[in-house]
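Enquirer: Below is one structure. I have some questions about it.
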Amino acid sequence: MKFDFDYYAPQSEAELLELLASLDDAVLLAGGTDLLVNMRSGQLKPAAVIDFKKIPKCAELRFDQSDGLVVGSGVSVNQLLEDKLVKDRFPVLAETCHTLASHQLRNRATVIGNIVNASPSGDLPTAFLCLDASIKLVSKKGERIVPLKDFFVGVKKTVIAKDEWAKEVIVPAASADAKGGYKKLTRIKGHDLSLVGVAVVRGKDFLAVAVNAAAPTPVLVGRYTADVSLDKVLSDISQKISPIDDIRCSKEYRLFMAQKYAKDIMKEIGL
C-alpha cells in the first residue's frame with residue numbers, strides 16, 4: 001500500500017530530539033524489520049520516518065565495571081550475538097539472539113527494536129529482564145532510566161513518550177558472568193515466533209526467571225536468592241503468567257512448557 005511520508009536522517013542526537021519534539025506523527029527507523037512490514041501492509045501510516053542510524057556512536061556496544069554493558073540503539077542482533085565479550089560474560093544474551101529470526105534478519109534487526117516493539121512473544125526482553133536491564137530514554141527535557149521490568153505496559157505498549165528516544169539498553173556489571181539459558185516453543189523447527197519462551201539466569205547471589213508469550217507483556221516471574229527452590233519457581237510461574245488459548249497454542253500447554261523449560265534450564269545450570 002502506497003502513501004506519502006516525510007523522511008529524516010538526523011546527523012546528531014540534538015537534531016533527532018528536536019525532530020521528535022516538533023513532529024506530531026513520527027516513527028523511528030532502526031532495523032525496520034517490523035516497521036517496514038507494517039507500513040507496506042497499511043497497518044501503520046506515519047506522517048514522518050526518522051532514520052537515526054547516522055548519529056555517531058548509536059551502534060556502540062561497550063562494557064566497563066562502572067556502566068555495565070551498554071547496548072546502543074543501532075546495535076544489531078548479530079552484532080550482540082557475535083561480540084566476544086557478550087559471549088564470554090553474558091552468554092544468555094548470545095544464546096537468545098541466536099534463536100531470533102534468520103541470520104539475514106538479525107543483520108538488520110536491532111536489539112532496541114526487538115525490545116521497544118513490546119511484543120508479548122519478544123525473545124530478547126526475556127533475557128534482559130533476567131539480567132536486571134534498564135532502558136535509557138532521552139528527550140529535549142532530559143533523560144531517565146527505566147528498569148525493563150517497568151517498561152512494558154501492554155501489548156505493543158511501553159512507557160516511551162512521543163518525544164523520547166530509547167537510546168541505550170543497560171545491563172549492570174553485577175549481572176556479568178551469570179550462567180543461564182533460554183528455551184522457546186515454536187510451531188516448526190528452526191526460526192519461528194515463540195509460543196512460549198523461558199529465560200533463567202543464575203548469578204553469584206541471585207536467580208532470575210522470565211517468560212514470554214504467556215501474558216500481554218514479557219514477564220519477570222521473579223528475582224530470587226540463589227538458593228530458591230524449584231517448587232517456588234514453578235509455583236510463581238503458574239501465578240504470574242496469564243496464558244491464553246489461541247490458534248497457535250492452548251493456555252494449558254503454554255503453562256506446562258513454561259514450567260518444563262524452567263525446570264530443564266535450572267537443572268542444566270546445576271540447580
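The values are calculated or read from the model by the stated rules, or taken from the named source; none is laboratory data. All values derive from a computational prediction rather than experimental measurement. Glycine also receives a Cβ, built like all others from the backbone with ideal geometry; neighbour counts cover every protein chain displayed. The protein model used for the area step is the full one, side chains on, heavy atoms only, and it has no ligands, DNA or RNA in it. Shrake-Rupley method; radii C 1.70, N 1.55, O 1.52, S 1.80 Å.
Enquirer: Any idea how many residues of region 92-138 are crowded, with 19+ Cβ neighbours inside 10 Å, without any contact (Cβ under 8 Å) to a residue 60 or more places away in the chain, more than 11 Å from the chain's Cα centre (by Cα) and closer than 16 Å to Lys167 by Cα?
Expert: 1
Enquirer: Let me spell it out: the conditions are (1) assigned to a strand (DSSP E or B); (2) open to solvent by less than 50 Å² (accessible area, probe 1.4 Å); (3) of a type in the set (A, V, I, L, M), and Ala161 meets all of them except one. Which number is the exception?
Expert: (1) is the only condition that Ala161 fails.
Enquirer: OK, next. Would you mind finding the one in Ala26, Ala21 that is touching a strand residue (DSSP E or B) at 6+ places or on another chain (Cβ under 8 Å) and within 19 Å of Gly74 (Cα to Cα)?
Expert: Of the residues listed, the single one that is touching a strand residue (DSSP E or B) at 6+ places or on another chain (Cβ under 8 Å) and within 19 Å of Gly74 (Cα to Cα) is Ala26.
Residue-by-condition table, conditions (1) touching a residue at least 24 places away in the same chain (Cβ under 8 Å); (2) open to solvent by 30 Å² or more (accessible area, probe 1.4 Å); (3) among the hydrophobic types (A, V, I, L, M, F, W, C); (4) out of contact with any Leu (no Cβ under 6 Å at 6 or more places or on another chain):
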| position | (1), (2), (3), (4) |
| --- | --- |
| Lys140 | yes, yes, no, no |
| Asp150 | no, yes, no, yes |
| Leu185 | yes, no, yes, no |
| Lys189 | no, yes, no, yes |
| Gly203 | yes, no, no, yes |
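Enquirer: For Lys260, indicate whether it is touching a residue at least 60 places away in the same chain (Cβ under 8 Å), more than 19 Å from Lys149 (Cα to Cα) and not in a loop (DSSP other than H, G, I, E, B).
Expert: In short, no.
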